[in-house]
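The values are calculated or read from the model by the stated rules, or taken from the named source; none is laboratory data. Since the model is a prediction, treat every value here as computed from it, not as a measurement. Every residue, glycine as well, gets a Cβ built from its backbone with ideal geometry; the counts of neighbours run over all protein chains shown. SASA here: full protein model, heavy atoms, side chains in, ligands and nucleic acids out. Shrake-Rupley method; radii C 1.70, N 1.55, O 1.52, S 1.80 Å.
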Protein chains: 2
Amino acid sequence: MASSARIAGSALRRARCSHAPIHRVARLHPAIQARWTGTTSATSEPHQPDAQGGVEGKTASSKTVKFTTESYPQLKRNPNFADLSPDHVKYFKELLGSESAVIDGVTADVAEDLEPFNSDWMRKFRGHTKLVLKPGSTEEVSKILKYCNDNSLAVVPQGGNTGLVGGSVPVFDEIVLNMSRMNKIRSFDETSGILVADAGVILEVADNFLQDKGYVFPLDLGAKGSCHIGGNVATNAGGLRLLRYGSLHGTVLGLEAVLPDGTVFDDLSKLRKNNTGYDLKQLLIGGEGTLGVITAVSIMCPQQSPAVNVAYFGLESYEKCQQAFREARGQLSEILSAFELMDGRSQKIMQKAVDKKLPLEGEYPFYCLIETKGSNSDHDSDKLSSFLEHVMGEEIVQDGVLAQDQTQVAELWSCREGITECLGHWGGVYKYDLSIPLNELYQLVDDTRERLTKAGLVGDTEEHPVVDVVGYGHMGDGNLHLNVPTRSFDKRVEKELEPFVYEWVAKRNGSISAEHGLGVTKKPYIGYSRSETMVNLMKQIKDLFDPKGIMNPYKYI
Amino acid sequence: MASSARIAGSALRRARCSHAPIHRVARLHPAIQARWTGTTSATSEPHQPDAQGGVEGKTASSKTVKFTTESYPQLKRNPNFADLSPDHVKYFKELLGSESAVIDGVTADVAEDLEPFNSDWMRKFRGHTKLVLKPGSTEEVSKILKYCNDNSLAVVPQGGNTGLVGGSVPVFDEIVLNMSRMNKIRSFDETSGILVADAGVILEVADNFLQDKGYVFPLDLGAKGSCHIGGNVATNAGGLRLLRYGSLHGTVLGLEAVLPDGTVFDDLSKLRKNNTGYDLKQLLIGGEGTLGVITAVSIMCPQQSPAVNVAYFGLESYEKCQQAFREARGQLSEILSAFELMDGRSQKIMQKAVDKKLPLEGEYPFYCLIETKGSNSDHDSDKLSSFLEHVMGEEIVQDGVLAQDQTQVAELWSCREGITECLGHWGGVYKYDLSIPLNELYQLVDDTRERLTKAGLVGDTEEHPVVDVVGYGHMGDGNLHLNVPTRSFDKRVEKELEPFVYEWVAKRNGSISAEHGLGVTKKPYIGYSRSETMVNLMKQIKDLFDPKGIMNPYKYI
């Protein structure tokens, strides 16, 4: 990256005078960050399966996927649920009419056709479903659920099946309610930017539709080519635009859904303001399909930002990173769209694992990546260079580079987004997706490293199972990815990590699942992030909406 | 306003070359818009009592306030609630210790001391409470509610008592739980901008605290000097910053509250991301104190914007207003902080009523006011002048002015914020706070005017009760204020207006209460904005949280 604008002290000042090296990167495709993920995922951290269930590594690509019932033997089928019968299947076939809307493994042998609906993309979860239904309308969803509720048949709503916690595939023989046929954009208001679309619309399809009209979807993530907007809302996906556009709790204006008894939850408001009663749709946002099936979404979409700039810099401490973030919020303010943290160890590992040349020549204990998005390239470049001049002048930042074109933008982003892949280089990786108050965010990485080192587990040689302990993440959102790359499977590592990590996070009132949700994986650990009172209230809400418990059972809470 | 920069076609282009007349307005105090409201209120529309309960006018300033039980004779006291006894009072006095924390009208005659807690600031609602409690801690709130629930005593949570729909005062003899003693800022993180504060902190106190640190509260409204942040959250206040910072459903990160049975709802998260279970706090946001009492709020605060610009312009049709809004969203994008609509009639009435000189010389059927807030004055002025050049060049806008200093900023804002006061000039005003899809937003004003005109009610002479039918509002939020100023009370007017207005709004899936909430006033009309299914679900939620119905009874749903 020799030609990118290096911005050490005086060089930057010279650059400012001539207005040349500070180059703008205009009309960058917003999906460019996603390019580096290399696979589909429901989050902006596509390679982050949780450590639960053992170390994840090369074995994950083997051909047969273990049944979830084998990995989680403590899960028992709810005996209140009925077994699927040919009569049930007959009802569904008559209801949905078309042959292609029903994959029937009850009266026929179609195991192979069922497999993609039974397993997740990580090949970590696998269910035993015998029936996949693909409704084409809200009315059909309603009739299906009413029938299932009346007949005690359990159901798993399934969008793009790109989740990371096993939430979108069955555990036992739950019916899969696949939403892919409900894929119409219902309306778009070009003045207000409010989009109404079926739950089964693929995120990228919605985003492309909007981009043609000068807007963007307020959410972006690696799995955009497969995930459904209904699934995004059901899992309250965070993604790459959260720092700028906020969470779905603020941008989703209305939902249409079907409750377990077939009732249509008709709250598809297209209004920014509506203070008439409890905002019940919020329960479905992040409810992971346990209260009902989202069938349509109304969402407020922001205008496109034609100007995109990316800078990468080295800092000498985590305190400096916090200072830099404060300055970025102040000076870049309305155009700041990402503030990412990478520790020096994660960058070094990337260098070692894939022989990557890093953007900066010196070595620093911390690196940050800043992205700005705005409506005016000149203004944004000007703001960014003032900011960089300030943070370098004040020695908050030690050295930095600024991307000059789209290739360099992608190159800088790859230093952040390529980490996950490189960490698997030695074998498996223990991974945690956590929210931690900003002032203590990185402390967990140091504490974990110290703990594993004291236990004699970390080192450069083969007898040490742990290669290193690294941290990186969406610093702007307070979201840390703690990662422990390993050479070999060693039970002692997991024992040192858990419950240590969860307890550490709980003590700081952090979250054990920042953006990935609970699903099967994190269900047992909710108590680390929510009090008994809150969990009990949640259970009462679940019972109120779904007294028979047919919706997405064995998961969530 | 002769010296403000007039921006007609070629003049603007000249101005652009010299970069002189397009002047920036820096470091404007964010409360400046509120200056023009002239009184306290829980919303950005302080003079907007609903039309329900008869026309509001000069009589509102009379000395005695009618009891709510007289204005709403259909409300009957719930016979399940106990009558307050001296024993109850003794318990509360012992619990709260201090004399000043209890105003006891049960064993003493303190009617005058109770009056401010029994009546609202509009002098429209008045209750019969005999007891006001001022807890000093969450624990005290918990003990009070547990006792009330055990003894079937009804309770009204009260913040700054600045609401517009009678939600914060008792109807019968409910105990007032006044939150003013819980007024501490608990913590502020200068890096993340996350504030945690007691519910009874006054909005302005919180905002001033934040401004000293370079941040602002993400909500601003006319009543900021009196209203509590707990009340703001409980009523999901909209206010003046919604277009820019979004709703409280997105910015509130955590809540602490006490449920009717005394249970402490401990969800005071300081995290931007936390996907661990149902987001229950959302039910309390806008729940108007019917599910529990909010005792503390955790909220994400944006950085201050030092640069503020305001422009005012005339347009020839509502279609052009929509076009201008689209262009403003596109070109001003990240710095657009307000887009307000005023029809020509509202501006003319203002001219007539208070002999106000309007900023533009010509007359236009529509006017818009745009405000930008950003981190860099030069950039913002540049963006705004490009925008104005474009919309004038394309003849989207006919004429316009741009404020040159703080006085002119206030002067332009007064053309929007002064309307409400002027409309009362002839007597009373029927007022509606509505959300309507943007493309049809103004049509309601024309349809209502046509209807009243056909009925022979509108005219310039004394025999016509209606002066005019006008519309204005937060166009950027899709929020219309339909106003019907009248000379005299005439039953025919109300008959023509209702249920016509509500039905018109319901047909377009609008909201009959955009930001003011339901309270006592709108309770009977929720069916116009929510389906029976949704209202039934809400009632189930209410029963789940508050089976005895002691929290803020006779209101909401």
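Looking across segment A:181-203, the residues that are buried (at least 19 other Cβ atoms within 10 Å of the Cβ) and more than 14 Å from chain B (Cβ to nearest Cβ) come down to A:Met182, A:Ala197, A:Asp198, A:Ala199, A:Gly200, A:Val201, A:Ile202, A:Leu203. As a summary of the residue check, B:Arg449 satisfies the conditions (1) charged (D, E, K, R); (2) within 26 Å of B:Cys321 (Cα to Cα); (3) surrounded by 24 or more Cβ atoms within 10 Å (Cβ to Cβ) except for the one numbered (3).
Quick check, is B:Arg416 in a helix (DSSP H, G or I), surrounded by fewer than 18 Cβ atoms within 10 Å (Cβ to Cβ), at negative phi and in contact with a Leu (Cβ under 8 Å, 6 or more places away or on another chain)? No.
Yes or no, residue by residue, for (1) on the phi < 0 side of the Ramachandran plot; (2) under 24 Å from the mean Cα position of the chain (by Cα); (3) basic (Lys, Arg):
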| site | (1), (2), (3) |
| --- | --- |
| B:Leu259 | yes, no, no |
| B:Val264 | yes, no, no |
| B:Ser269 | yes, no, no |
| B:Asn274 | yes, no, no |
| B:Lys281 | yes, yes, yes |
| B:Thr290 | yes, yes, no |
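Here B:Leu341 passes the criteria (1) within 23 Å of B:Asn439 (Cβ to Cβ); (2) open to solvent by less than 10 Å² (accessible area, probe 1.4 Å); (3) outside any strand (DSSP E or B) except the one numbered (3). Can you tell me which residues in segment B:148-164 are polar (S, T, N, Q) and on the phi < 0 side of the Ramachandran plot? Passing the criteria: B:Asn149, B:Asn151, B:Gln158, B:Thr162. Here A:Asp212 meets the list (1) at the interface with another protein chain (Cβ under 9 Å from one of its Cβ atoms); (2) free of Cβ contacts under 8 Å to residues at least 12 places away in the same chain almost entirely, failing just condition (1).
The condition (being in contact with a helix residue (DSSP H, G or I) (Cβ under 9 Å, 6 or more places away or on another chain), outside any loop (DSSP other than H, G, I, E, B) and charged (D, E, K, R)) is satisfied by just one residue among B:Arg272, B:Arg329: B:Arg329. Annotation note: of B:Ser85, B:Ser98, B:Ser71, the sole residue that is small (Gly, Ala, Ser), farther than 24 Å from B:Ile202 by Cα, open to solvent by 20 Å² or more (accessible area, probe 1.4 Å) and modelled with pLDDT under 95 is B:Ser71.
Name every residue in segment B:256-269 that is in a strand (DSSP E or B) and either more than 7 Å from chain A (Cβ to nearest Cβ) or touching a residue at least 24 places away in the same chain (Cβ under 8 Å) (or both), in order of residue number.
B:Glu256, B:Ala257, B:Val258, B:Val264, B:Phe265, listed by residue number.
Out of A:Leu253, A:Leu283, A:Leu243, one residue alone is at the interface with chain B (Cβ under 8 Å from one of its Cβ atoms), outside any loop (DSSP other than H, G, I, E, B) and aliphatic (A, V, I, L, M). It is A:Leu283. Of all the numbered requirements in (1) open to solvent by less than 30 Å² (accessible area, probe 1.4 Å); (2) farther than 22 Å from A:Asn479 by Cα; (3) not in a helix (DSSP H, G or I), A:Thr372 misses one, and that requirement is (2). Exactly one residue out of B:Val467, B:Val429 is farther than 27 Å from A:Asn376 by Cα, touching a His at 6+ places or on another chain (Cβ under 9 Å), away from every other protein chain (no Cβ under 13 Å) and at pLDDT 95 or above: that is B:Val467.
Do we find a residue being within 14 Å of chain A (Cβ to nearest Cβ) and open to solvent by less than 30 Å² (accessible area, probe 1.4 Å) anywhere in segment B:351-360? Within segment B:351-360, not a single residue is within 14 Å of chain A (Cβ to nearest Cβ) and open to solvent by less than 30 Å² (accessible area, probe 1.4 Å). Scanning segment A:384-404 for residues that are within 14 Å of another protein chain (Cβ to nearest Cβ) and touching a Ser or Thr at 6+ places or on another chain (Cβ under 7 Å) yields a single hit, A:Leu384.
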